[in-house]
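Report on the following structure.
The values are calculated or read from the model by the stated rules, or taken from the named source; none is laboratory data. Bear in mind the structure is a predicted one, so any value in this text is a computation, not a measurement. All Cβ positions, glycine included, derive from the backbone under ideal geometry; neighbour counts span all protein chains shown.
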Amino acid sequence: MTYIVTGAAGFIGSNIVKALNEKGIRKIIAVDDLTDGTKIANLSDCDILDYWDKIEFIDAIRNYQFPIKNINAIFHEGACSDTMEHDGVFMMANNYRYTYDLFLWCQENKIPLLYASSAAVYGGGAVFKENRKYEKPLNVYGYSKFLFDQVLRRHIKKGLKSQTVGFRYFNVYGIHEQHKGRMASVAFHHFNQYQQDGFVSLFGEYDGYASGEQKRDFVSVEDVVKVNLYFLEHPEISGIFNLGTGRAQSFNDLATATVNACRAAENKPPLSLSELVEQKIIRYIDFPDALKGKYQSFTQADLNQLIDAGYTDKFLTVEEGVSRYIKQLLKH
């Protein structure tokens, strides 16, 4: 049997390919857009069966001419994840229509589809629960993910021919995100700023939160992969699921964990937040006007639906996950 991973040279996709390899799976078709050829570094230590360009792949799917049979499952991670991209024509074609057409092909051929949705569907709301009344995306990226989630809900009501699962990723960090530029995780940017400048900058007081105390649900890509593989092993479960830790932690927590992981590698003792601020290793800047009214000051995944689906493994804390991530970055 063969697996397909779209966005295979990207952040989450490449981590899924690696995890499949670790399970002894080598028959993997990697699908991606390698206009940015540097992304191939993410697959250099992976084994795959074949590579397809994204355009060739989706053309074959739309025309029902994909030549390889006996597909075990598709992990659909390929998408534009730039929340600042305002080209709606591009975003809807790349994220919404691509996913919809792939879904129809998977249903016709009875192939499980596990795809990347996003916590961006919740917009500026305060409740992060997989329910239509809490969903109001603020940008076209969030809307492109939201719209296909609604398609899936309609098809679930009518009855699916094969498993389809959407994962609403929260703030994912981890190895193989270096190509994402400004859309790489805060942990990645903190690491690079500390390595270059010797300090980390955080937003100051805003939206009722003290400096650096805005909170997000930061989830390690290690846990994201584990959840994907759990659903692969449970093809009887379909639906839309939040994929975060269920635990909001502050940017202060993240910066402290990042700096202390770097200090540990330098054989230096850890410092408390107050010590880091006092020594100007953590610094605060004015909240930018351009982000006011467009910024999520708090996110936290409601995991009840995921738990009801039988997933019980504990998620890494920021302190645990970032420490592991920094060791990987320093090794590479």
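Results, tabulated for the structure shown:
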{"item": "One residue from 194, 173, 209 being modelled with pLDDT of 95 or more, of a type in the set (Phe, Trp, Tyr) and farther than 20 Å from residue 286 by Cα", "result": "173"}
{"item": "Residue identified as out of contact with any Lys or Arg (no Cβ under 7 Å at 6 or more places or on another chain), under 23 Å from residue 291 (Cα atoms) and not small (Gly, Ala, Ser) among 171, 131, 192", "result": "192"}
{"item": "Qualifying positions in the range 97-110 - surrounded by fewer than 21 Cβ atoms within 10 Å (Cβ to Cβ) and either under 17 Å from residue 6 (Cβ atoms) or β-branched (Val, Ile, Thr) (or both)", "result": "97, 100, 101, 104, 105, 107, 109"}
{"item": "Where a residue in the range 231-258 is touching a residue at least 12 places away in the same chain (Cβ under 8 Å) and aliphatic (A, V, I, L, M) and its partner, wherever it lies, is crowded, with 23+ Cβ neighbours inside 10 Å and assigned to a loop (DSSP other than H, G, I, E, B), with Cβ under 8 Å and at least six apart", "result": "243/170; 243/301; 248/217; 255/212"}
{"item": "Number of the exception - residue 300 against (1) surrounded by fewer than 19 Cβ atoms within 10 Å (Cβ to Cβ); (2) under 18 Å from the mean Cα position of the chain (by Cα); (3) in a loop (DSSP other than H, G, I, E, B)", "result": "(1)"}
{"item": "Filter result for residue 308 (under 20 Å from the mean Cα position of the chain (by Cα), of a type in the set (Asp, Glu) and closer than 30 Å to residue 150 by Cα)", "result": "no"}
{"item": "In the range 48-94, the residues that are at pLDDT 95 or above and touching a Cys at 6+ places or on another chain (Cβ under 8 Å)", "result": "74"}
{"item": "Failed item in (1) of a type outside the set (Gly, Ala, Ser); (2) touching a helix residue (DSSP H, G or I) at 6+ places or on another chain (Cβ under 7 Å); (3) farther than 23 Å from residue 127 by Cβ; (4) surrounded by 12 or more Cβ atoms within 10 Å (Cβ to Cβ), with residue 313 passing the rest", "result": "(4)"}
{"item": "Residue 56 vs. criteria farther than 22 Å from residue 236 by Cα and surrounded by fewer than 15 Cβ atoms within 10 Å (Cβ to Cβ)", "result": "yes"}
{"item": "Residue 36, sole failed condition from (1) under 19 Å from the mean Cα position of the chain (by Cα); (2) modelled with pLDDT under 95", "result": "(1)"}
{"item": "Neighbours by Cβ (under 8 Å, 6+ apart or cross-chain): first from the range 38-51, β-branched (Val, Ile, Thr); second assigned to a helix (DSSP H, G or I) and at pLDDT 95 or above", "result": "48/17"}
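Let's see how each residue does on (1) in a strand (DSSP E or B); (2) over 21 Å from residue 323 (Cβ atoms):
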position: 127; (1), (2): no, yes
position: 141; (1), (2): no, yes
position: 149; (1), (2): no, yes
position: 155; (1), (2): no, yes
position: 168; (1), (2): yes, yes
position: 193; (1), (2): no, no
position: 202; (1), (2): yes, no
